[in-house]
Structures are given as structure tokens and as C-alpha cells.
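Here the structure comes first, spelled out in C-alpha cells, and everything after it is commentary.
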Amino acid sequence: MYLWKGPSKGKRDTVILVGPAASGKTALFSKLCLGRASATAGSMASNEGKWPRESESEESADGSILRIVDLPGHERLRGAFTQHVERVRAIVYVVDASTLNRQLRTSASYLYDILVDGTVESQEIPLLIVAGKRDILTSLRPERVQALLEGEINKLRVTRTTAPESLDPDAEAEERTTFLGYEDQPFRFTHLPNPVEVCGMDNVTENGIQILENRLMDWLNEPFMN
Ligand SMILES: Nc1nc2c(ncn2[C@@H]2O[C@H](COP(=O)(O)OP(=O)(O)O)[C@@H](O)[C@H]2O)c(=O)[nH]1
Ligand SMILES: [Mg+2]
């Protein structure tokens, strides 16, 4: 039997910036790909750029570059994300560490949707969670951001996987969402097959996005087996 596997897949060269609205994705994108602060704050459009920037001599061993995609954080995130997922090398999930307490449900549910994505799960796509806007005095430390997100995902994975029983027997084969982590333990990112890292960051100070640039360099130099 001939198995159609779809068109041969291109290189996984895309690093996607996702997260709730106003978390600082476009600011990070601008600094990474344009080398300056963003002038497009509040835009609902997605941005695409390259890293390292052409003006920089830094290059990976084979001269390849990453495609950086900045997705706006709103209800259509899922659709936009799905468009890019086949090319995703890594995911950078940006939250605003100065407002996370108020934005927790939104921030955790976007992240949950990404983590249960079939490709993200099966390809064990690496995830960098950025606790952004760390220059703001009242912002939460990355450890706290991690604990809050883990706690909220712990609740979400119960509510999302126990959908109400349908009265229609034909609906029995209804899709079951992946259960994240271990059923008998509180959710932790370390229970996922994906490499997950949480770091604090801001795009205001000179070295604010250094961690991200270091990680981009790693992703560039370790070609993704596909
Ligand atoms: N203090 C501070 N403000 C930031 C930082 N990053 C972004 N912002 C501000 O947060 C707002 C939203 O940023 P933006 O990049 O448009 O968020 P996006 O919706 O996630 O793309 C803007 O007013 C930015 O200037 C940061 O690291 N520190
Ligand atoms: Mg934006």
C-alpha cells in the first residue's frame, strides 16, 4: 500500500513569538530583527523577519538563518499558529511579568492550546517562556511566573479534558485532547517531553534580550532532525 505522507516538509527554520496581547512580542521582534525599539505597538498584524540580521556578520556554521514570526495575541491565535507550526523550530512564549496576576487565565490558556497542539507535542518543539518587562519594579520573578503558569495549566488540563458527556451516541468518537503531564501529579513543565525553559527578560536594557539571542544561536546551530 502506498502511504501518502503529504508534501515533503521544508526546513524547520521558524521561531515563533506568541503570547497574550501587549506582552511585548513586537518589541522583542523589533529589537531582534530590526535592531531598534518597535514603532508598531498595538498592531494586530503579524511580523516576519530574519535572525541574525543581515547587517550582522554573525552567522551559523552553514550560513543559515532563522525566520522569526511575531504573532498578534488575540482569539485568532490558534489559526495563525497552525499556519506556521510545520516550520516551527522553537516557540518563544512571552508573558508580561508585571501584569501576570491579572492576565493569568488568558496567559495560561494560550500556552495550553500551544502545548496540546499535535505537532508541538509529537515533535517535542522546544519552548522558551519569557517573563517579560522585568525592568518594571513590580514584575514577578521568572520562578514565580513559572509556578503561576503551572498552577493554572494544572486546572485547565482538568476542565479541558473532561468535556460534558454528549447525549448523542454518534458524538462518542469526539476528539480527546492530550492530557499534559502526569495524571497523578500536579502539572510541571518538566513533565512534558518538550524542553522548556523559563527566563526573565526586558527589551529596554542593553543586555535584556541576550538570553533570547543566545538561545536563537543554539537553535540555529543544532539543525532540527525531521
Ligand atoms: N517596561 C517595558 N515595557 C515594554 C517592554 N516590552 C514591551 N513593552 C511595552 O509594552 C507595550 C506592548 O508591547 P508590544 O510589543 O506591542 O506587545 P505585543 O502586543 O505582545 O506585541 C508597549 O507599550 C511596549 O512599549 C519591556 O521589556 N519593558
Ligand atoms: Mg504585537
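The values are calculated or read from the model by the stated rules, or taken from the named source; none is laboratory data. Keep in mind that what you see is a predicted model, and the values were worked out from it rather than measured. Cβ atoms come from the backbone with ideal geometry, glycine included; neighbour counts cover every protein chain shown.
Which is more than 16 Å from ligand 2 (Cβ to nearest atom), of a type in the set (D, E, K, R) and in contact (Cβ under 8 Å) with a residue 40 or more places away in the chain, of GLU150, GLU121?
Among GLU150, GLU121, only GLU121 is more than 16 Å from ligand 2 (Cβ to nearest atom), of a type in the set (D, E, K, R) and in contact (Cβ under 8 Å) with a residue 40 or more places away in the chain.
When both residues are 6+ apart or on different chains and their Cβ atoms are under 8 Å apart, which pairs have a first residue that lies in the stretch 44-55 and is more than 20 Å from LEU71 (Cβ to Cβ), and a second that is at pLDDT below 85 and assigned to a loop (DSSP other than H, G, I, E, B)?
PRO52/GLU58; PRO52/GLU59
Can you tell me which of (1) within 16 Å of ligand 1 (Cβ to nearest atom); (2) more than 16 Å from ALA21 (Cα to Cα) is the one PRO126 doesn't meet?
(1)
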